[in-house]
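Data first, discussion second: the structure below is written as structure tokens.
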Amino acid sequence: QVTQAVIFDCFGVLYLSRYFGTGELRNQELLDYMQTLRPKLKIGMLSNSSSREMNRYFPLAERKQFFDAVVLSADEGLAKPEQAIFELTCQRLGVAVGEAILVDDSELNCEAARSIGMRAVGYRDFGQMKSELKSIL
């Protein structure tokens, strides 16, 4: 199937702070790259967080600027790696699960996405992710 959307995790991918103890470190290189994928592809964010927490990292205006759909687990009553949250995110983006790629730093989440027919890239660093994503696209 043709790729129609890329769905990014927030913490550990768009924000690196939780893992490296560096404060609130935005992955600006990835945010800039993400914008080059639009308008060819829809861009989503799927995060196991709440709107209140997300407002610290991506205020609503930025979420609307950067993403075609944002799905936050606390707002939905679902969480990764539940299959239903991947399906919901694809639905909000208006794409089939087979048309989406998940970028997540958790291999468990990547495996769950693959189990329903999504493709997934395990995020380790920007260069590795960009290379893997390009090979799929």
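The values are calculated or read from the model by the stated rules, or taken from the named source; none is laboratory data. Since this is a predicted model, take the numbers as computed values, not measurements. Please note: Cβ atoms are built from the backbone with ideal geometry, for glycine as well, and neighbour counts cover all protein chains shown. With ligands, DNA and RNA removed, areas are computed over all heavy atoms of the protein, side chains included. Shrake-Rupley method; radii C 1.70, N 1.55, O 1.52, S 1.80 Å.
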Task: Q35 paired with S73, simple spin-label distance in nm, labels 7 Å along Cα-to-beta-carbon - done: 3.0
Open item on the list: Counting heavy atoms of the protein chains only and a 1.4 Å probe, report the per residue accessible area for the chain as a whole number of Å².
Closed with: 47
TODO: Give the carbon-plus-sulfur fraction of the accessible surface of the chain in %, rounded to a whole number; probe 1.4 Å, heavy atoms of protein chains only.
DONE: 49
- [ ] Compare L37, L102, L14 in a GNM of the chain, Cα atoms joined below 10 Å, and give the one with the largest fluctuation.
- [x] L37
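Answer rounded, prolate or oblate for the chain, using the Cα gyration tensor with square roots of eigenvalues a ≥ b ≥ c: rounded when a/c is under 1.5, else prolate when a/b is larger than b/c, else oblate.
Working: a/c = 1.31, a/b = 1.14, b/c = 1.15.
It is rounded, given that a/c, with a ≥ b ≥ c, falls under 1.5.
What share of the DSSP beta bridges in the chain is antiparallel, in percent to the nearest 5? It would help to have the intermediate numbers written out before the result.
Working: 1 of 18 bridges.
Around 5 percent antiparallel, to the nearest 5.
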- [ ] Divide by every residue of the chain the summed helix terms, -39500 (n - 2.57) for each DSSP H run of at least 4, and state the resulting mean residue ellipticity at 222 nm, rounded to the nearest 500 deg cm²/dmol.
- [x] -12000 deg cm²/dmol
Open item on the list: So if each residue of separation counts as 0.36 nm, and I subtract the Cα-Cα distance between R114 and Q91, what length gain in nm does that give?
Closed with: 6.6 nm
TODO: Go ahead and set up a Gaussian network model of the chain, Cα springs under 10 Å, then flag whichever of K42, K64, K80 fluctuates most.
DONE: K64
